[in-house]
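Before any comments, here is the structure.
The values are calculated or read from the model by the stated rules, or taken from the named source; none is laboratory data. Just so it is clear, the structure is predicted and the values come from calculations on it, not from any experiment. Here the Cβ positions follow ideal geometry from the backbone for every residue, glycine too, while neighbour counts run over all protein chains shown.
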Amino acid sequence: MVFALQSVSSSVGNLINPTNLKAGVIPAPGKTADQSDSPFGDLFQSAVSKVNELEDQARTAVNGFMTGTGVDVHDVMIASEKASMAFEMALAVRNKAIQSYQSVMSMQF
């Protein structure tokens, strides 16, 4: 699922370019903006990496609990809930971005 969020991030980041927004121009479908020029794309990429980091922390906590290396059950639950909530939030943002993109693309000018 993280891969799907990253691909949406790069697609949205390519469409959003501050210079294009100031000029009121949307790039042609064949052309893409530079990813480093997109603060929204960078923000989204950072959020996806944070979700991945929280999932790794939860996996480490579960493995530590299962092997009996001194990880308490409440620490495991907190880490897994943090990862779950972050993933659900990222999924909601992705769904809203796709919905917004589809509504803009269905507009007739």
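Things worth noting here:
- Filter result for Glu55 (touching a Phe, Trp or Tyr at 6+ places or on another chain (Cβ under 8 Å) and modelled with pLDDT of 95 or more): yes
- Checking every residue in the stretch 23-39 against the condition of being of a type outside the set (D, E, K, R), modelled with pLDDT of 85 or more and either surrounded by 17 or more Cβ atoms within 10 Å (Cβ to Cβ) or part of a helix (DSSP H, G or I) (or both) gives at least one match.
- Filtering the stretch 76-109 to residues that are charged (D, E, K, R) and either surrounded by 14 or more Cβ atoms within 10 Å (Cβ to Cβ) or not in a helix (DSSP H, G or I) (or both) leaves Lys82, Arg94.
- Looking only at residues in the stretch 66-75 that are outside any helix (DSSP H, G or I) and either of a type in the set (A, V, I, L, M, F, W, C) or in contact with a helix residue (DSSP H, G or I) (Cβ under 9 Å, 6 or more places away or on another chain) (or both), the one that is surrounded by the most Cβ atoms within 10 Å (Cβ to Cβ) is Val71.
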